[in-house]
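FYI, it's all coordinate maths here, none of it is from the lab. In this text the structure is predicted, and so the values were computed from the model without any measurement. All Cβ positions, even for glycine, are placed from backbone atoms using ideal geometry, and neighbour counts span all protein chains on display.
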Amino acid sequence: ETGVTQSPTHLIKTRGQQVTLRCSSQSGHNTVSWYQQALGQGPQFIFQYYREEENGRGNFPPRFSGLQFPNYSSELNVNALELDDSALYLCASSFRTGALQETQYFGPGTRLLVL
Amino acid sequence: ELKVEQNPLFLSMQEGKNYTIYCNYSTTSDRLYWYRQDPGKSLESLFVLLSNGAVKQEGRLMASLDTKARLSTLHITAAVHDLSATYFCAVDTSGNTPLVFGKGTRLSVIA
């Protein structure tokens, strides 16, 4: 059974640029959630994708967007990068049937530094 | 809005001592999680607590849940240096709510 994987592991960008982060869900999972963890803080929910649609969103601006593909993998896109976007971005996958969601499993994360 | 509070936020422990980390949450939730995070690393799942009175133990760590008090504890017995890490509690419901994390407890075990 393959766990949750993320790419790249590290990334350096400059302000105003755009970035795409990728996540492959664990085998058998159909839901992907993205979290942002700033240094010294707990992870904050960005959004979740289920059945290729956004299924819940946290308090993040529209320049944070995402996709889910038919194989349940997902991308997180951030446009017009700001210095405060520097963080560890965590992807978590889970199995959902309608309103019932099982435990989420986290990937290794992508560390983004915006200069 | 679901809120999760942990205390203490920083904890320096001597090796061999016992201590407890507390996690309070504000509204009824189905599941409570404890995670460990080493510097620069992702989250490692420690425990999932699903029902009132649930107690789980792994090595020197024991977690419990009191849903009536909306309180979970993570008890550390005879601390060793390898337990130094940041510990997070998180809460969700089995429905459409995302995981809500506490701010974490940074544990340092010193000789």
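Once both labels are positioned 7 Å from their Cα atoms along Cα-to-Cβ, the gap between A:THR20 and B:ALA69 label points is 5.1 nm. With each label modelled as a point 7 angstrom along the Cα→C-beta vector, the B:MET62-A:GLU52 pair spans 5.1 nm. For segment B:14-76, run through the trypsin sites (Lys or Arg not before Pro) and keep only the ones in DSSP coil with at most 10 other Cβ atoms within 10 Å of their Cβ. Here the sparse-neighbourhood loop sites are B:LYS68. In this simple spin-label model, placing a label point 7 Å from the Cα along the Cα-to-Cβ direction at both B:SER108 and B:VAL55 gives a separation of 3.2 nm.
Between the exposed loop cleavage positions of chain A, defined as trypsin sites (Lys or Arg not before Pro) in a non-H, G, I, E, B DSSP state with at most 11 neighbouring beta-carbon atoms within 10 angstrom, the longest gap is A:52-115.
Using R0 = 35 Å, the C-beta based FRET efficiency linking A:THR5 and B:ASP30 works out to 0.80. Cross-link partners of B:LYS68 among lysines, defined as those whose alpha carbon lies under 25 angstrom from its own and excluding same-chain residues fewer than eight positions apart: B:LYS3, B:LYS56, B:LYS103.
Of the GluC sites (Glu not before Pro) found in segment B:1-84, the ones in coil according to DSSP and having at most 16 other Cβ atoms within 10 Å of their Cβ are B:GLU1, B:GLU15.
For segment A:1-105, chymotrypsin sites (Phe, Trp or Tyr not before Pro) meeting the loop criterion (DSSP other than H, G, I, E, B) and having at most 12 other Cβ atoms within 10 Å: none.
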